[in-house]
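Novice: This is the structure, below, for whatever I ask next.
The values are calculated or read from the model by the stated rules, or taken from the named source; none is laboratory data. Predicted, not measured: the structure shown is a model, and the values here were computed from it. Reconstructed Cβ throughout: ideal geometry from the backbone, glycine too, with neighbour counts over all protein chains shown. To get the accessible areas, we keep the full protein, side chains included, count just its heavy atoms, and leave off ligands, DNA and RNA. Shrake-Rupley method; radii C 1.70, N 1.55, O 1.52, S 1.80 Å.
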Amino acid sequence: MTDFYETTAFAAKAGVPTRLVLRGKDSGGCARAFTIPALGVREIVKENGDTDVDLGTPTAGKLRFSCAMGMQTGVIDFRVRRPP
């Protein structure tokens, strides 16, 4: 993460404990104020280094995140793994 989020949309497995690692690299601006409103998450991302965010055990569905100003946004799509 610099002054913007990269990647802004990705998938993860639902129903398992999940930790999001935000990697700051010369981070600045509002991108450092990371939020997940649905979970009440508000973290200030380290300017240089990792910031861990515990997402608990998410259920299937989309979880939106943004900077505190709402200018930079993204989504994590939690999916249930289907049996083969």
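Novice: Got a number for residues in the range 47-75 being on the phi > 0 side of the Ramachandran plot and either in contact with a helix residue (DSSP H, G or I) (Cβ under 8 Å, 6 or more places away or on another chain) or among the aliphatic types (A, V, I, L, M) (or both)?
Specialist: Within the range 47-75, residues that are on the phi > 0 side of the Ramachandran plot and either in contact with a helix residue (DSSP H, G or I) (Cβ under 8 Å, 6 or more places away or on another chain) or among the aliphatic types (A, V, I, L, M) (or both) number 1.
Novice: Checking the conditions here, which among 29, 56, 40, 61 is over 18 Å from residue 75 (Cβ atoms) and free of Cβ contacts under 8 Å to residues at least 60 places away in the same chain?
Specialist: 29
Novice: Could you list all residues from the range 26-51 that are charged (D, E, K, R) and in contact with a strand residue (DSSP E or B) (Cβ under 6 Å, 6 or more places away or on another chain)?
Specialist: 32, 42, 43, 46, 47, 50
Novice: For residues in the range 38-50 being at pLDDT below 95 and β-branched (Val, Ile, Thr), which is least open to solvent (accessible area, probe 1.4 Å)?
Specialist: 45
Novice: Residues in the range 38-51 that are in contact with a Ser or Thr (Cβ under 9 Å, 6 or more places away or on another chain) and in a loop (DSSP other than H, G, I, E, B): how many?
Specialist: Going through the range 38-51 one residue at a time, the tally reaches 3.
Novice: Counting only residues that are assigned to a strand (DSSP E or B) and either among the small types (Gly, Ala, Ser) or more than 15 Å from residue 42 (Cα to Cα) (or both), which one in the range 58-74 is most open to solvent (accessible area, probe 1.4 Å)?
Specialist: Step by step, filter the range 58-74, then rank; the result is 62.
Novice: Are any residues in the range 1-37 small (Gly, Ala, Ser), over 12 Å from the mean Cα position of the chain (by Cα) and either surrounded by 14 or more Cβ atoms within 10 Å (Cβ to Cβ) or part of a strand (DSSP E or B) (or both), and if so, which ones?
Specialist: If the condition is that a residue be small (Gly, Ala, Ser), over 12 Å from the mean Cα position of the chain (by Cα) and either surrounded by 14 or more Cβ atoms within 10 Å (Cβ to Cβ) or part of a strand (DSSP E or B) (or both), then 14, 24, 27 are the ones that fit.
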